[in-house]
Every structure is written in structure tokens, then in C-alpha cells.
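**Student:** The structure follows.
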């Protein structure tokens, strides 16, 4: 039985509901990351005994499933674009925006599919964007490819944000601090391609980098769709 199939406990002595539990858990995760979330801590946030919550959730994993599904509601747009490329792009950008609001989401993306109603709705929207344009196996591989890019790019961006907070150094400060070492290493001549990238490459911000990479992935999907049988 999944957490979504579990019936609500009848007449709980402390007024609780799943929505209040999820809201408290998300607040804890936003404040302190996933390590700040537990059934006991959520219960304390709600001024309830931990045993009261077990009528709604059995394990921390179930609690995290509920958190992820709740945030998926933020990903699904009210109006889905009719063009497949625009539809996938909107979902990708909204996933990134949700992860920037809830950084802990990056730690839970890319695992087993979420089976809650919002997670299933997002999966449906991704598949529906390509439905009828190719055979179902091609559609599934295309969606998986886009998802893999989005997950990887988000995790990298969140990791950089966490590093900035942990070290107290912005990206520019870190580059300046690391500059002498990098200069010495490049001067050895062992890294010619990296040297060209450092000296001649154009630096862009995280949002522009995400958008460019996503466009390239969607270009690849478009090329595959033109060759795939419907």
C-alpha cells in the first residue's frame, strides 16, 4: 500500500490532516534540508505527539514521497503549450525554478518515479507533449533524455549554491582565490584545451547555461523525431 492509498485515521484526538503535515515538513526542509525532516520533528512543529502522525504516514520515506509530490504541483503549468518543444521546455524550466525554491528537491530528483497524483500528472504532461509524434519507445527515451539533463543541471547548480554558502565565497571570489593555482597548472602546457576554455571561453550565468543546454538536448530530440516512425 502506498501512502496515497492509506485511509485517513478516523476522529484523531489532535486535529491533523495530511495537508498540515506536508506543509510543516516542507517548511522544515526549506529551512534545514532533508536532514531537518523526520516524523518526530514534524510532529513537534505541529505540537503533536509523533504517534499521531503514524496514522497518516508510516516512515520517513513516505513523508519524503509526499513532499516531492507536493512540489510537483508547482511544476505543472496551468496551461500546457500545444507545441511539444515549448511544452517540454516549460516543464524543464519550472522544475528548475521549483528546485531553487526548495533546494532539497535536487537530492530527490532522478530516482524512482513519484507515484503521487502531482508526480503522475507531470509525467503525463511530459509524455503527452510527444504523444503521436513517434512510437512510444522513442517518446519514452526522449523524455528520459530530457529528464536526465534537467536533473544533472539542477544538481550542479544547487551544489554550487551550497558550496558558496559553506565557504562564504561567491563564484567570483572562489575564482580569484583559485586563480594563482590554476595559472600555474595551465602554464605547464599539460591542459591545452582547458587553457583555451579559461582564456577564450564566454562565461554565462546559471540560467543562461541551463537554457542553452536544454535547447541543445531538444535539438537532438527533434532530430530523432524526424527519423522515428510514428
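The values are calculated or read from the model by the stated rules, or taken from the named source; none is laboratory data. For clarity, every value in this text was computed on a predicted model and none was experimentally measured. Ideal geometry is used to build each Cβ from the backbone, glycine not excepted, and the neighbour counts take in all protein chains shown.
**Student:** Quick check on residue 139: is it in a helix (DSSP H, G or I) and touching a strand residue (DSSP E or B) at 6+ places or on another chain (Cβ under 8 Å)?
**Tutor:** Yes: the conditions hold for residue 139.
**Student:** OK, next. Looking at 163, 197, 220 in this structure, which one is surrounded by 10 or more Cβ atoms within 10 Å (Cβ to Cβ) and not assigned by TED's automatic domain parsing to the domain that holds residue 85?
**Tutor:** Criteria check complete, one pass: 197.
**Student:** Considering only segment 51-82, state which residues are under 16 Å from residue 1 (Cβ atoms) and at pLDDT below 90.
**Tutor:** Residues satisfying the conditions are 54, 55, 56, 57, 58, 59.
**Student:** Let me ask something else about it. All but one of (1) assigned to a helix (DSSP H, G or I); (2) more than 30 Å from residue 34 (Cα to Cα) hold for residue 210; state the number of the condition that does not hold.
**Tutor:** Tallying (1) assigned to a helix (DSSP H, G or I); (2) more than 30 Å from residue 34 (Cα to Cα), residue 210 fails exactly one: (2).
**Student:** Please work out if residue 148 is within 29 Å of residue 67 (Cβ to Cβ) and surrounded by 13 or more Cβ atoms within 10 Å (Cβ to Cβ).
**Tutor:** no
**Student:** Among the candidates 196, 155, single out the residue that is more than 24 Å from the chain's Cα centre (by Cα) and in a helix (DSSP H, G or I).
**Tutor:** Only one candidate passes the filter, namely 196.
**Student:** Among the residues of segment 45-67, write down those that are within 28 Å of residue 166 (Cα to Cα) and either surrounded by 14 or more Cβ atoms within 10 Å (Cβ to Cβ) or touching a residue at least 40 places away in the same chain (Cβ under 8 Å) (or both).
**Tutor:** 45, 60, 63, 64, 65, 67
**Student:** Let me ask another. Given the residues 75, 26, which is the only one that is under 14 Å from residue 116 (Cα atoms) and within 18 Å of the chain's Cα centre (by Cα)?
**Tutor:** Of the residues listed, the single one that is under 14 Å from residue 116 (Cα atoms) and within 18 Å of the chain's Cα centre (by Cα) is 75.
**Student:** Given the criteria within 24 Å of the chain's Cα centre (by Cα) and more than 21 Å from residue 103 (Cβ to Cβ), does residue 124 qualify?
**Tutor:** yes
**Student:** Have a look at 125, 99 and point out the one that is assigned by TED's automatic domain parsing to the domain that holds residue 160, within 23 Å of residue 30 (Cα to Cα) and either in a helix (DSSP H, G or I) or touching a strand residue (DSSP E or B) at 6+ places or on another chain (Cβ under 7 Å) (or both).
**Tutor:** Being assigned by TED's automatic domain parsing to the domain that holds residue 160, within 23 Å of residue 30 (Cα to Cα) and either in a helix (DSSP H, G or I) or touching a strand residue (DSSP E or B) at 6+ places or on another chain (Cβ under 7 Å) (or both) holds for just one of 125, 99, which is 99.
**Student:** Here's another thing I want to ask about it. Any residue in segment 175-188 that's surrounded by 10 or more Cβ atoms within 10 Å (Cβ to Cβ): show its pairings with residues that are modelled with pLDDT of 90 or more at Cβ separation under 6 Å, as long as the two are six or more apart or on different chains.
**Tutor:** As it stands, the answer is 186/195, since those pairs meet every condition given.
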